[in-house]
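Read the structure below first, then the notes.
The values are calculated or read from the model by the stated rules, or taken from the named source; none is laboratory data. As the structure is a computational prediction, the values presented were derived from the model and not from experiment. Note that each Cβ is placed from the backbone with ideal geometry, even for glycine, and that neighbours are counted across all protein chains shown.
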Amino acid sequence: MLINIFQSIIKFISTNPWLAWFWTFLILTACTWPGKDIPAAPIVGFDKIVHAGLFSVWIILWLIAYPKKALLLVITGMIYGLGLEFYQQLLPFDRTFDWWDAVADAVGVIIGFSFKSIIIDRYLQRLY
């Protein structure tokens, strides 16, 4: 039963690339949100964990939707994260450029790529 659920989720994502676009838009929205309206982090560095998590999910969604474009997607994810930092610097309210956020985004892309390649793909190979 768990195998069927997993396969259904993968199939749904692979046939609905709008999910990856939607996640991309959610990240843009989150990074545009005024900083003063975001709750304080419970621990130091928590925002970096959030950045890495957002971009891990981002790359997994894109890789499932477009599995043959892995290198392009990894590079695009890192550029997107860096671009968002420049974008935040241009916003007229309390958002600023942070190199460590861009690094966390890139680390998230690498973690997500690794998870997709090592865990998801190997699991799928066992199923077929």
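Within segment 76-105, residues that are modelled with pLDDT of 90 or more have Cβ atoms under 7 Å from residues that are among the aromatic types (Phe, Trp, Tyr) and surrounded by fewer than 18 Cβ atoms within 10 Å (Cβ to Cβ) in these pairs: Glu85/Phe97; Phe86/Phe97, counting only partners at least 6 apart in sequence or on another chain. Counting residues in segment 31-49 that are loosely packed, with under 12 Cβ neighbours inside 10 Å, hydroxyl-bearing (Ser, Thr, Tyr), part of a helix (DSSP H, G or I) and on the phi < 0 side of the Ramachandran plot gives zero. Restricting the first member to segment 50-75 and to residues that are at pLDDT 95 or above, and the second to residues that are surrounded by 22 or more Cβ atoms within 10 Å (Cβ to Cβ) and of a type in the set (Phe, Trp, Tyr), the beta-carbon pairs closer than 6 Å and six or more apart or on different chains are Leu73/Trp62.
For segment 85-109, which residues satisfy the criterion of being farther than 22 Å from Leu73 by Cβ, aliphatic (A, V, I, L, M) and part of a helix (DSSP H, G or I)?
Of the residues in segment 85-109, the ones farther than 22 Å from Leu73 by Cβ are 88-100.
If we keep only those that are aliphatic (A, V, I, L, M) as well, we get 90-91.
Correct list: Leu90 only.
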